[in-house]
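The values are calculated or read from the model by the stated rules, or taken from the named source; none is laboratory data. This is a predicted model, so every value here is computed, not measured. Glycine also receives a Cβ, built like all others from the backbone with ideal geometry; neighbour counts cover every protein chain displayed.
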Amino acid sequence: MTFDYDLFVIGAGPGGLAAAKKAASYGVRVAIAEQEALGGTCVNNGCIPKKLIVYAADFALQNQMAHSYGWSDCQRHFDWTQFIQSVHQHIESIHHSYSQQLQQFLAKNHKKLIMNTLHLLSLPVQKQQV
């Protein structure tokens, strides 16, 4: 197997996927390296889970203020296990969406996806090499 690419994208987050798909649409040979799952840090560990946690906390605040807007008191209970399962389900739905979009793009453009693990050595890089 040869590894001859015009563009090597590090990270399969939203930006990396968009760059790779755009470059490939121009006929560029593209490879993407991602250590974790599709979506990168934002989807898997950062932005998306954080926003869901903030939204859940906001529900509690809104519930406290609801009485002053005419809502009757309602029972309040927070199930952390159910919440975390919901967060994981939401992230999985994003993975599924990214995967479907990528597979459709690959099929449309007669490309293939190679899923593998890439190991890079930690070597000092000179500016001239970048």
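Within region 30-41, being in a helix (DSSP H, G or I) and surrounded by fewer than 17 Cβ atoms within 10 Å (Cβ to Cβ) holds for one residue alone: 41.
Is it the case that region 110-118 has a residue that's modelled with pLDDT of 75 or more and under 25 Å from residue 12 (Cβ atoms)? No, region 110-118 contains no residue that is modelled with pLDDT of 75 or more and under 25 Å from residue 12 (Cβ atoms). Reported count of residues in region 73-94, each being surrounded by 11 or more Cβ atoms within 10 Å (Cβ to Cβ) and small (Gly, Ala, Ser), is 1. Can you pull out every residue in region 11-21 that is outside any loop (DSSP other than H, G, I, E, B) and either in contact with a helix residue (DSSP H, G or I) (Cβ under 6 Å, 6 or more places away or on another chain) or more than 20 Å from residue 94 (Cβ to Cβ) (or both)? Residue satisfying the conditions is 21 alone.
The residues listed here are 87, 125; of these, the one that is within 30 Å of residue 20 (Cβ to Cβ) and modelled with pLDDT of 85 or more is 87. Sub-7 Å Cβ pairs linking a first residue in region 55-78 that is under 25 Å from residue 90 (Cβ atoms) to a second residue that is assigned to a helix (DSSP H, G or I) and modelled with pLDDT of 85 or more, at least 6 apart or interchain, are 56/83, ordered by first then second residue. Residue count for region 53-108 satisfying the condition of being more than 23 Å from the chain's Cα centre (by Cα) and in a helix (DSSP H, G or I): 12.
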